[in-house]
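Asks: Before I ask anything, let me first share the structure, which is written out below as structure tokens.
The values are calculated or read from the model by the stated rules, or taken from the named source; none is laboratory data. Because the structure is predicted, anything quoted here is derived from the model rather than measured. Don't worry about glycine lacking a Cβ; one is built from the backbone with ideal geometry, like all the others, and counts go over all protein chains shown.
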Amino acid sequence: MTVLEVDHVTKTYAVRGAGRITALDDVSLTLESGRTTGLVGQSGSGKSTIAKILTQLETPTSGEVRLDGQPIPRRGAGLRAYRQTLRMVFQDPFASLNPYHSVRYHLERPLRLHRVVPDAELDDEVRRLLDRVHLEPGTVIDRRPHELSGGQRQRVAIARALASRPRLLVADEPVSMLDVSIRLGVLNLLADLGREEGLGVLYITHDLATARHFSDEILVLNQGRVVERGPADDVILRPQDPYTRELRAASPDPEKHFASASGTHGGAL
Amino acid sequence: MTAVQPQPQPVQDALEVGTTATTVVRGRSRIPWRFLAGRAAFYLFTLWAAITINFFLPRMMKGDAVDQYLSRNRNVSPEAADALRTLLGLDTDRSLLQQYLDYVGLLLRGDLGVSLLHGLRPVTEVIGQALPWTVGLVGFATVISFTIGTIGGAVVGWRRGSRLDGLIPVTTFLGTIPYFWLGLLAIAVFSVNLGWFPIGKAYGVGMRPEWSAEFVGQVVHHGTLPAATIVIASLGGWMLGMRNMMLTVLDEDYVMVAQAKGMPNRRVLWRYAARNAVLPQIQSFALSIGFIVGGTIVMEMVFSYPGVGKLLLDATNAKDYALMQGVFLVITLSVLVANVLADVAYAFLDPRTRQTEA
Amino acid sequence: MRDPLLTVRDFSVAYDVDPPVQAVKDVTLELRRGEILGLAGESGCGKTTLAYGLQRLLKAPAVITSGSVVFHDASGEDVDIDRLDAEQMRRFRWDKISMVFQGAMNALNPVATIGSQLEDVFEVHRPSMSRAQRREAVAELLEIVRVGAQRRRSFPHELSGGTRQRVMIAMALALRPQLMVMDEPTTALDVLVQREILRQISELRHEFGFTVLFITHDLPLLLEISDRIAIMRAGEVVELDTAERIWSSPRDEYTRTLLSSFPRLTGERGVVLR
């Protein structure tokens, strides 16, 4: 079911001395419940601009974003309700959690703010959320961010995003700052949540391999334009657009490397 | 083998290859006119605000200069008092706006009025006499203190953990001693007990300012003690500031890279670490220049030094508005000039600020 | 088998904090002349500490607690790095072993032009060169890495991340060292730029024949470019083998974990449980 539509959105910025630059050029995409959409592109491709427009930090120059077919309210209760519906998970779990507050505080705040549960049930709800992201409530609930590992911190950030019971999750490079051996765990968690809670997930990344494995559909963004879109395997395994092909050729692919170069490798660099 | 083979690929302009989100700026930075104009407008506005406040402040105080003057000179007739008020621009029959416009007009012509305290001599002349003493003595002391403190701080920071670290608490302690106490102590020890230096004033009684060896010797002799106390009092701040910046900079990657490059320690210390650590120091130095003129009242009191600080104190006591306004104006101007200098120095020393667009 | 360039034996580094932390534990490995040795591991595994330790670049509280590092110079002379005094060590650095630092690092002095930072190297290590010769050498280096000699007067902040990294490579190449230690040289760069830089390193290697110690957490990348790979975990080298064997028949449990942490770009999707 389509929850959110980004409909022909263009975003331009005025740049001193250089006229206007186009950050997004006629971008359309939809987020559907229970499905993950991968948004792939290099730095400067417009990935973060999309995230900003989805969170209403920026407004499109032209085009529209619609939730359940209705335009997003610009202010007031409507905007607050929208922000409760769509939550972000950021790249840097160090920066997105306040070092002075405990895990409990981080999770209780959105619960109170959006009056998700009565005050008497706050503690239960916090524990349920921690459980949901596979953290042991008893051991982490009263810790502060610096007492947690990077992966635990990102799980807390995800739990916080889930607190307001959103329908959409925008994950902007959620694992690129985490250690490699825990990345898949966090991505698997996001995938599970998407499927089990019927969340529509936008997975923004520069990494083609994880985009392929964790997305149902992939959009490739180059200089503000969607150059290719389609089911994940089609886009990555059989790319049509020259830019997508270039990206794929540049991404490390040991499988292909050893298949094609068996016996002759070495001094490859 | 994707990594090796020089794949057929159009040769790209080296400038275009490898751009990320950072904008590539070609060649040397241009002159940032827009930035300069912005700064100029900011300084002009500040100047105007300072002049305006300067005009209103004395008028908000109770009693005027003429009342004060009358209380000191009883034989002045009421007519003469009115004439004085007109002369000083204090006549009440003119609107405040009119007075303000007159004030600004006179200011633009370099006319700051006359000083009641100094026998109706032009304020510009009175200040002109005091200014060189303050600027010369305090300026010299500030430069010495900054130089010693910064170089010392750089060395102490570089050799952290060594015995040199002990210098920091000592100089900081000296800086926390109340200045008047330090000054009086210096006079008591070196002037009164040991008799090495004169007790006060800028030069001996009976001397006239002239460019003679004897007179210059007198000035140096009289200035040593006040200058030394200023250096002692301010050295700790410079040293601590520089040392702390050094500790920050020494953790920067380019210092590690310089060491990996096999640079000798002296080169790493001065060309890489200190060169970067000195940037904030330069800025506070320029700002402290601005306070040379106004910030030395205590020194000039303790050493009866004929500078601007003493002038201001006397003018305030006597409610000599024209002189007060004049001194304030000079202080304001010097702070502004110092800020401009700080901007220029920073732009000169830090290439990153020369860039207008991110 | 190619002859050895660098022999590291029982090398250990500890951080002298309370309680002491063993950052590198008894690492023994041999770099062979002309090869690319990959050093893979996660953050905090000690791979960077090891690289800095080889050149005695560690700062307190890091302490080298044991081990020896011997550099087998092309002249046939063996240099025992522990035996060098401070001045000899300074001369040795960059001349024999140079480094390319992390792309994200603030590795260039922000207040000096890149030209002057390149010239520095010649000024210190080749004092006999005249000013004009130095200038010429710098221009040549910048042309070699395709940054262009006219960029000599640029400041680091005026260059893109990729260009800065090329400048770092030019700097590492300056004295034609026999070994280049590369610490995550492409990590902060976009994948297309990363590939460009790797291609360039490859060309330079063909031309100048230096050996590379390539450190990164990006195992798939390492598998493509390395001859041999050392896997590090918690300060220890848990496995050291040819790239092909690391890929096809990893012996250590941790190597397998690390391999499975990277979903395959083109292989079966089965790697990731969905």
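Asks: If you check C:Gln165 against the conditions, is it surrounded by 20 or more Cβ atoms within 10 Å (Cβ to Cβ), outside any helix (DSSP H, G or I) and within 12 Å of another protein chain (Cβ to nearest Cβ)?
Replies: For C:Gln165, the condition - surrounded by 20 or more Cβ atoms within 10 Å (Cβ to Cβ), outside any helix (DSSP H, G or I) and within 12 Å of another protein chain (Cβ to nearest Cβ) - is not met.
Asks: In region C:70-111, what count of residues is obtained for those that are under 19 Å from C:Thr49 (Cβ atoms), surrounded by fewer than 19 Cβ atoms within 10 Å (Cβ to Cβ) and more than 9 Å from chain B (Cβ to nearest Cβ)?
Replies: 2
Asks: Could I ask something else about it? Filter region A:200-211 down to the residues that are within 27 Å of A:Lys11 (Cα to Cα) and either in a helix (DSSP H, G or I) or within 12 Å of the chain's Cα centre (by Cα) (or both) and list them by number.
Replies: A:Gly200, A:Val201, A:Leu202, A:Tyr203, A:Ile204, A:Thr205, A:His206, A:Leu208, A:Ala211
Quick grid of which residues meet (1) acidic (Asp, Glu); (2) over 25 Å from B:Arg266 (Cα atoms); (3) modelled with pLDDT under 90:
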| site | (1), (2), (3) |
| --- | --- |
| B:Gly152 | no, no, no |
| B:Gly157 | no, no, no |
| B:Ile168 | no, no, yes |
| B:Leu174 | no, yes, yes |
| B:Leu184 | no, yes, yes |
| B:Asn193 | no, yes, yes |
| B:Pro209 | no, yes, yes |
| B:Glu214 | yes, yes, yes |
| B:Gln218 | no, yes, yes |
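Asks: Right, next: Considering only residues that are in contact (Cβ under 8 Å) with a residue 40 or more places away in the chain, at the interface with chain C (Cβ under 9 Å from one of its Cβ atoms) and either more than 18 Å from A:Glu32 (Cα to Cα) or polar (S, T, N, Q) (or both), which ones fall in region A:208-251?
Replies: Hits for region A:208-251 are A:Leu208, A:Ala209, A:Leu247, A:Arg248, A:Ser251.
Asks: Right, here's the next one. For region B:144-179, what are the residues that are in a loop (DSSP other than H, G, I, E, B) and either free of Cβ contacts under 8 Å to residues at least 24 places away in the same chain or hydrophobic (A, V, I, L, M, F, W, C) (or both)?
Replies: Listed by number, the residues that qualify are B:Arg159, B:Gly161, B:Ser162, B:Ile177, B:Pro178.
Asks: Has region A:134-145 got any residue that is in contact with a Phe, Trp or Tyr (Cβ under 8 Å, 6 or more places away or on another chain) and either surrounded by fewer than 19 Cβ atoms within 10 Å (Cβ to Cβ) or more than 30 Å from A:Val40 (Cβ to Cβ) (or both)?
Replies: Scanning region A:134-145, I find at least one residue that is in contact with a Phe, Trp or Tyr (Cβ under 8 Å, 6 or more places away or on another chain) and either surrounded by fewer than 19 Cβ atoms within 10 Å (Cβ to Cβ) or more than 30 Å from A:Val40 (Cβ to Cβ) (or both), so the answer is yes.
Listed here are the residues, each with its yes/no results for (1) more than 22 Å from the chain's Cα centre (by Cα); (2) surrounded by 19 or more Cβ atoms within 10 Å (Cβ to Cβ); (3) more than 19 Å from C:Val27 (Cα to Cα); (4) modelled with pLDDT of 90 or more.
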| site | (1), (2), (3), (4) |
| --- | --- |
| C:His217 | no, yes, no, yes |
| C:Leu221 | no, yes, yes, yes |
| C:Ser226 | no, yes, yes, yes |
| C:Ala230 | no, yes, no, yes |
| C:Asp252 | yes, no, no, yes |
| C:Ser260 | yes, no, yes, no |
| C:Thr266 | yes, no, yes, no |
| C:Leu273 | yes, no, yes, no |
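Asks: In region B:303-318, which residues are surrounded by fewer than 21 Cβ atoms within 10 Å (Cβ to Cβ) and not acidic (Asp, Glu)?
Replies: Correct list: B:Ser304, B:Pro306, B:Lys310, B:Leu313, B:Thr316, B:Asn317, B:Ala318.
Asks: Being surrounded by fewer than 16 Cβ atoms within 10 Å (Cβ to Cβ) and assigned to a helix (DSSP H, G or I) is the filter here; which residues of region A:212-245 pass it?
Replies: A:Asp233, A:Asp234, A:Leu237, A:Pro242, A:Arg245 - these are the residues of region A:212-245 that are surrounded by fewer than 16 Cβ atoms within 10 Å (Cβ to Cβ) and assigned to a helix (DSSP H, G or I).
Asks: What pairs come out if I take residues in region B:318-347 that are on the phi > 0 side of the Ramachandran plot and pair them with residues that are assigned to a helix (DSSP H, G or I) and small (Gly, Ala, Ser) whose C-beta lies under 9 Å away, six or more apart or interchain?
Replies: Correct list of pairs: B:Lys319/B:Ala65.
Listed here are the residues, each with its yes/no results for (1) closer than 19 Å to C:Gln194 by Cα; (2) buried (at least 19 other Cβ atoms within 10 Å of the Cβ); (3) touching a strand residue (DSSP E or B) at 6+ places or on another chain (Cβ under 8 Å).
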site	(1), (2), (3)
C:Val138	no, yes, no
C:Gln150	no, no, no
C:Ser154	no, yes, no
C:Glu158	no, yes, no
C:Ile169	yes, yes, yes
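Asks: OK, next. Which residues, counting only those in region A:158-183, are buried (at least 18 other Cβ atoms within 10 Å of the Cβ) and either under 12 Å from the mean Cα position of the chain (by Cα) or closer than 14 Å to A:Ser215 by Cβ (or both)?
Replies: A:Ile158, A:Ala161, A:Leu168, A:Leu169, A:Val170, A:Ala171, A:Asp172, A:Glu173, A:Pro174, A:Val175
Asks: Testing A:Gln56 on (1) exposed (fewer than 13 other Cβ atoms within 10 Å of the Cβ); (2) closer than 26 Å to A:Val3 by Cβ; (3) not aliphatic (A, V, I, L, M), one condition comes back false. Which one is that?
Replies: (1)
Asks: Within region C:182-199, take every residue that is more than 9 Å from chain B (Cβ to nearest Cβ) and under 21 Å from B:Ala260 (Cβ atoms) and give me the one that is modelled with the lowest pLDDT.
Replies: Ranking the qualifying residues of region C:182-199, first place goes to C:Thr187.
Asks: While we're on this one: Would you confirm whether any residue within region B:257-276 is part of a helix (DSSP H, G or I), more than 17 Å from B:Arg159 (Cβ to Cβ) and within 23 Å of the chain's Cα centre (by Cα)?
Replies: yes
Asks: Which of the residues spanning region C:111-127 are farther than 20 Å from B:Arg266 by Cβ and of a type outside the set (A, V, I, L, M, F, W, C)?
Replies: C:Thr113, C:Gly115
Asks: Could I ask something else about it? Which one is nearest to the chain's Cα centre (by Cα), of the residues in region A:110-125 that are in a helix (DSSP H, G or I) and closer than 15 Å to A:Pro166 by Cβ?
Replies: A:Pro110
Asks: Going through region B:112-146 one residue at a time, which ones are β-branched (Val, Ile, Thr) and crowded, with 16+ Cβ neighbours inside 10 Å?
Replies: Of everything in region B:112-146, those that are β-branched (Val, Ile, Thr) and crowded, with 16+ Cβ neighbours inside 10 Å turn out to be B:Val114, B:Val123, B:Thr124, B:Val126, B:Ile127, B:Thr134, B:Val135, B:Val138, B:Thr142, B:Ile144.
Asks: Would you be able to say whether some residue in region A:146-165 is over 17 Å from A:Leu97 (Cβ atoms) and charged (D, E, K, R)?
Replies: Yes: one or more hits.
Asks: How many residues, within region B:215-273, are away from every other protein chain (no Cβ under 14 Å), surrounded by 21 or more Cβ atoms within 10 Å (Cβ to Cβ) and among the aromatic types (Phe, Trp, Tyr)?
Replies: Of the residues in that region, 1 qualify.
Asks: Okay, moving on. Take the residues of region C:72-86 that are outside any loop (DSSP other than H, G, I, E, B) and more than 25 Å from C:Tyr15 (Cα to Cα): which is farthest from the chain's Cα centre (by Cα)?
Replies: For region C:72-86, the residue satisfying everything is C:Asp78.
Asks: Any chance you could count how many residues in region B:99-126 are among the β-branched types (Val, Ile, Thr) and part of a loop (DSSP other than H, G, I, E, B)?
Replies: Of the residues in that region, 0 qualify.
Asks: Before we move on, is B:Leu341 surrounded by fewer than 17 Cβ atoms within 10 Å (Cβ to Cβ) and closer than 25 Å to B:Gly110 by Cα?
Replies: no
Asks: Give me the pairs: first residue in region B:284-304 and within 20 Å of B:Thr147 (Cα to Cα) and outside any helix (DSSP H, G or I), second residue modelled with pLDDT of 80 or more and hydroxyl-bearing (Ser, Thr, Tyr), beta-carbon distance under 7 Å, and six or more apart or on different chains, which are they?
Replies: Taking only residues 6 or more apart or on different chains, the pairs are B:Thr296/B:Thr134.
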